[in-house]
Structure formats: C-alpha cells, structure tokens
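Below is one structure. I have some questions about it.
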Amino acid sequence: MSWNTPVLNWTFPVKLMTFVVIGLFLTVLRAQLGVGENMSQSSSQMVSKRRMRRATDCTMGFIKGEMISNSLRLASYSPSQLDACLNNSVLIANLTQLGKIALSREQLLAIKGKLGEIYVNGLPEERIRQLGFIITVYSPEEIITWNIMNVDTLALILSNSPNLNTTKAIIANYLQRSGPLNATALDVIGGPVLCTLREENLRTILPSELKKAKPLNISTCTQAKKDILFGIAKVAFQDLAGDPKAYFNKLKPYIGGAQVSDLQHLAAGDINMDFETFSRLNPVEVEKLTAENIRDLLGINLNSLKENENHEIVRRWVNTHLVAEVMSLGLGLRGGISPAGLGNFALQELSGSASVNSYSLLLSICITMMGITLQCPP
C-alpha cells in the first residue's frame, strides 16, 4: 500500500490541472466566438446602415422613366441628387430622352460619370448615338478613343458637337475606323467642316462618292484644298464634258480650284459665267487669262466687271495686263500696265459719238508712241 499511495497522490493533481487547462481553453474559445459573432453583427449593422444612408442620400425622390419627359422637374435635381436618385437601369433605358434635355454642365457631368461607371471599357456605339447634349461634356481626347463606325452615329453626334475641336475629333475617329468619306458622310459633314480636315483626308474621297453627294460649299477651304476637290470633281462629272453648260453647273461649287486651262476650256463652251462665280476663282489663275478669254468666259455677263471694278479679282487682272488689253474689253476699266515701263495709267471712260473701242485704241497708240519716243536716244 505504501507504494501505491504516492501514485494516487501524483495522479490527482495532474488530472486537476488538465481539467483547469481544458476549462480555460473552452472559456477563451467561447469568448472568441462571441467576439466574432459580435463583429459579424456589427459588420452587418454597418453595411445595413451604409445602405440605409446611401438610400437616404436621395432626398428628392428616385427618378422614374415617366418623370424624364418632364424636363423642368428633372432640371430641378442638383448634380448630387441626380447621381443619387437616377438608377443605372433607368438611365440606360431613357438615355436618348435624357440627351435631349438641356441640363446644366454639372448635371451632364453627373450623367457622364454614371455612364463611365457602367461602361468601364468605353461607351459602345449604341450608347454614343443616344448621347445628344451629353456629348458636350466629353473632351476631344475622350472622343478620339470611341469606336464610331456608322455614318448615322456620325450624323447624330455632329449635330450636338459644341465646338470645332470636338467636331474634328469626331470626324477623325470616324475616318480612322471607317475609311474614306462616302456620299452620306460628305452630306453629314458639309463643306465648311470638310475644309478643316487634312489634305490627305480629302484625297481619299472617291469621285463617284462626290458625284452622289450634295454640292459642297468649300469657300472657306485653303487654295490647296480647293485644288484637290476641283480635281476630284472634274473626274466625277467628266461624263458631262460634252455638254459645257451642264458640266459647268456641276463644277460650280468647286470652281475655286480650277486652273487656267480649265477656265479656257469652259470659256470655249459659251457658259456665260456670272460674276459671283467668277469672284470665287483662283486670282492667280485668272491673271493668266487673256482679254479674249475673259470675254468668252463671262459672255453676256461681261459688263459685271465694270460694275465690280474695285473687286480684288478684277483689280488683280487689270493690274497684270497692258492698258491696251484692258481697254480692248470696251468696258472703260481703269488701270493696266503701260507700255515701255511708263507705269500704270488710270484712264476714264470717254464719251462722245465715237465708240469706246475706237477711243481706247487711239489712246493705246498714243501711249505706245510716247513710250517709244522717251526711250529713243537724243
């Protein structure tokens, strides 16, 4: 018995300590589980509160589809309220209508921001077509990253472009992705905007497409661009070359790019060019025309030169031709180059029973003789 007693005395404390350790472990475990539950409950409560707080951010009432047609009511939403109260699904379903409402820039920026959150990889072309006024808050740098493939998209967004830089970015995007300008695109863009494009863009226009397009006003184009467009027009309407008047009428919008050889060809066709068209010609090429070319080109409208003798294109032609040639038109135009380096003369129209042409010829002979006399040695 004396040997077993120590064993019993030793085992009891060990067992007691074991129970104590296990008890402590279970207590700590229970406490940790309680903390976890509390944290989970706290987290759920925070999420719930955040959701409630987000929902209560919209103090003016959530925007519904039928409300969007009421532009005055929609305009009363501040940008922050518009962001909070406009659900993404409602925004997408009513984007076209939203694009027609003249909201403030800040409100449009709020809509743009929501679209950016929905389409993180960029707006699809379907949405681009629906933007309307919203396009005014997109920068040219943003627009150039779009994917404009359809000419209908081009037409819709060009109609709402706020400035030339945006317009150029829109067209550059279309050209980059859709290739040369066709007739429909030319009609949409129009002449003035076409003149802002690069020369290499204009060279890609096919004559067949220019022929199908509406006449373009290219008066604001540089001379180099006018030359390019006239060259394309010549090819486009060459099938009418056998009918000078019909050919000329088709070339009229692009006549500013005609060279002297083109004008001489037209002059031979008895086209009776009006002064408005004449005034749009390249002055450099007009200077190369003879008096006879001028007479044939204008025909029954020749007297319009006298009526517009102070116009730049008339003065340039007069000042680059001899007095005798100027006077041979019989219009009484003043100026011209005098022979033998005597300088320019301004001759008034003569009156009397003799014809103007007779007096013009007589004066020209007198001036010529004076020049010869002055140049002869004593």
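In the range 228-244, which residues are part of a loop (DSSP other than H, G, I, E, B), open to solvent by 30 Å² or more (accessible area, probe 1.4 Å) and touching a helix residue (DSSP H, G or I) at 6+ places or on another chain (Cβ under 7 Å)? Talk me through it step by step, then tell me what you get.
Let us first name the residues in the range 228-244 that are part of a loop (DSSP other than H, G, I, E, B), namely 237, 241-243.
Remaining after also requiring open to solvent by 30 Å² or more (accessible area, probe 1.4 Å): 241-243.
A241 - this is the single residue of the range 228-244 that is part of a loop (DSSP other than H, G, I, E, B), open to solvent by 30 Å² or more (accessible area, probe 1.4 Å) and touching a helix residue (DSSP H, G or I) at 6+ places or on another chain (Cβ under 7 Å).
Identify all residues within the range 209-227 that are open to solvent by less than 70 Å² (accessible area, probe 1.4 Å), more than 18 Å from L175 (Cα to Cα), assigned to a helix (DSSP H, G or I) and not acidic (D, E); write none if there are none.
Q223, A224, K226
Is there any pair linking a residue in the range 245-262 that is touching a residue at least 12 places away in the same chain (Cβ under 8 Å) and open to solvent by less than 10 Å² (accessible area, probe 1.4 Å) to one that is part of a helix (DSSP H, G or I) and acidic (D, E), with Cβ under 6 Å and at least six apart or on different chains, and which?
G257/D227
Return yes when I171 is open to solvent by less than 10 Å² (accessible area, probe 1.4 Å) and modelled with pLDDT of 95 or more and no when it is not. Reasoning before the result, please.
Numbers: open to solvent by less than 10 Å² (accessible area, probe 1.4 Å): yes; modelled with pLDDT of 95 or more: no.
Against the criterion (open to solvent by less than 10 Å² (accessible area, probe 1.4 Å) and modelled with pLDDT of 95 or more), I171 does not qualify.
Go through (1) modelled with pLDDT of 95 or more; (2) buried (at least 17 other Cβ atoms within 10 Å of the Cβ) one by one and return the number of the condition R334 breaks.
Answer for R334: the failing condition is (1).
A follow-up question, please. Among residues belonging to the range 123-137 that are more than 20 Å from L86 (Cα to Cα) and part of a loop (DSSP other than H, G, I, E, B), point out the one that is least open to solvent (accessible area, probe 1.4 Å).
P124
Being open to solvent by 40 Å² or more (accessible area, probe 1.4 Å) and over 22 Å from L154 (Cβ atoms) is the requirement here; does E141 meet it?
Considered against the rule, which asks whether it is open to solvent by 40 Å² or more (accessible area, probe 1.4 Å) and over 22 Å from L154 (Cβ atoms), E141 comes out as no.
Further question on the same structure: Please find, among N94, N121, N150, N88, the residue that is of a type in the set (S, T, N, Q), over 26 Å from T59 (Cβ atoms) and touching a residue at least 12 places away in the same chain (Cβ under 8 Å). Working first, answer last.
Numbers: N94 fails: over 26 Å from T59 (Cβ atoms); N121 fails: touching a residue at least 12 places away in the same chain (Cβ under 8 Å); N88 fails: over 26 Å from T59 (Cβ atoms).
When all the criteria are applied, what remains is N150.
Still on this structure, please answer the following. So the check is Cβ under 8 Å with 6+ separation or different chains; which pairs have a first residue in the range 184-199 that's among the acidic types (D, E) and a second one that's in a helix (DSSP H, G or I) and buried (at least 18 other Cβ atoms within 10 Å of the Cβ)?
E199/K225; E199/I228
Those residues that are open to solvent by less than 50 Å² (accessible area, probe 1.4 Å), in a helix (DSSP H, G or I), within 23 Å of T222 (Cα to Cα) and not aromatic (F, W, Y), I need them from the range 276-326; list them, please.
If the condition is that a residue be open to solvent by less than 50 Å² (accessible area, probe 1.4 Å), in a helix (DSSP H, G or I), within 23 Å of T222 (Cα to Cα) and not aromatic (F, W, Y), then T277, S279, P283, E285, V286, I313, V314 are the ones that fit.
Considering only residues of the range 78-111 that are in a helix (DSSP H, G or I) and among the small types (G, A, S), which is surrounded by the fewest Cβ atoms within 10 Å (Cβ to Cβ)? Reasoning before the result, please.
Within the range 78-111, the first condition is being in a helix (DSSP H, G or I), and the residues that meet it are 79-85, 88-93, 95-98, 105-111.
Add one more test, that the residue is among the small types (G, A, S), and what stays is 80, 84, 89, 93, 110.
On the way: S80: 14, A84: 20, S89: 10, A93: 13, A110: 22.
So the residue we want is S89.
So in the range 198-207, with the set limited to residues that are open to solvent by 30 Å² or more (accessible area, probe 1.4 Å) and assigned to a loop (DSSP other than H, G, I, E, B), which one is farthest from C221 (Cα to Cα)?
Step one: filter the range 198-207 for residues open to solvent by 30 Å² or more (accessible area, probe 1.4 Å), giving 198-200, 203-204, 206-207.
Within this subset, residues satisfying the condition of being assigned to a loop (DSSP other than H, G, I, E, B) are 198, 204, 206.
Numbers: R198: 11, T204: 16, L206: 18 Å.
Per the stated criteria, the residue is L206.
In addition: Answer with yes or no whether T145 is of a type outside the set (K, R) and part of a helix (DSSP H, G or I).
In short, no.
Quick check, is K114 within 23 Å of L156 (Cβ to Cβ), open to solvent by 30 Å² or more (accessible area, probe 1.4 Å) and charged (D, E, K, R)? Before you say what the answer is, go through the steps one by one.
On the way: within 23 Å of L156 (Cβ to Cβ): yes; open to solvent by 30 Å² or more (accessible area, probe 1.4 Å): no; charged (D, E, K, R): yes.
No, not satisfied.
Under the condition of being open to solvent by 40 Å² or more (accessible area, probe 1.4 Å) and over 14 Å from L164 (Cα atoms), which residue from the range 179-197 is nearest to the chain's Cα centre (by Cα)?
Among those that are open to solvent by 40 Å² or more (accessible area, probe 1.4 Å) and over 14 Å from L164 (Cα atoms), it is V188.
Scan I111, I63, I68 and give me the residue that is in contact with a helix residue (DSSP H, G or I) (Cβ under 7 Å, 6 or more places away or on another chain) and at pLDDT 95 or above.
Values: I63 fails: at pLDDT 95 or above; I68 fails: at pLDDT 95 or above.
Unique residue meeting the criteria: I111.
Is it fair to say S261 is outside any loop (DSSP other than H, G, I, E, B) and closer than 24 Å to N319 by Cβ?
Working: outside any loop (DSSP other than H, G, I, E, B): yes; closer than 24 Å to N319 by Cβ: yes.
Considered against the rule, which asks whether it is outside any loop (DSSP other than H, G, I, E, B) and closer than 24 Å to N319 by Cβ, S261 comes out as yes.
So which residues in the range 56-77 are over 31 Å from the mean Cα position of the chain (by Cα) and open to solvent by less than 50 Å² (accessible area, probe 1.4 Å)?
Within the range 56-77, C58, G61, I63, G65, M67, Y77 qualify.
Do we have any residue at all in the range 253-268 that's over 24 Å from I228 (Cα atoms) and either modelled with pLDDT under 95 or touching a Leu at 6+ places or on another chain (Cβ under 7 Å) (or both)? Walk me through how you get there before you give the answer.
We begin by selecting, within the range 253-268, every residue over 24 Å from I228 (Cα atoms); these are none.
The answer is no; no qualifying residue exists.
The values are calculated or read from the model by the stated rules, or taken from the named source; none is laboratory data. Please read these numbers as outputs of a predicted model, since none were measured by experiment. Ideal geometry is used to build each Cβ from the backbone, glycine not excepted, and the neighbour counts take in all protein chains shown. Just the protein is used for accessible areas: all its heavy atoms, side chains included, with ligands, DNA and RNA removed. Shrake-Rupley method; radii C 1.70, N 1.55, O 1.52, S 1.80 Å.
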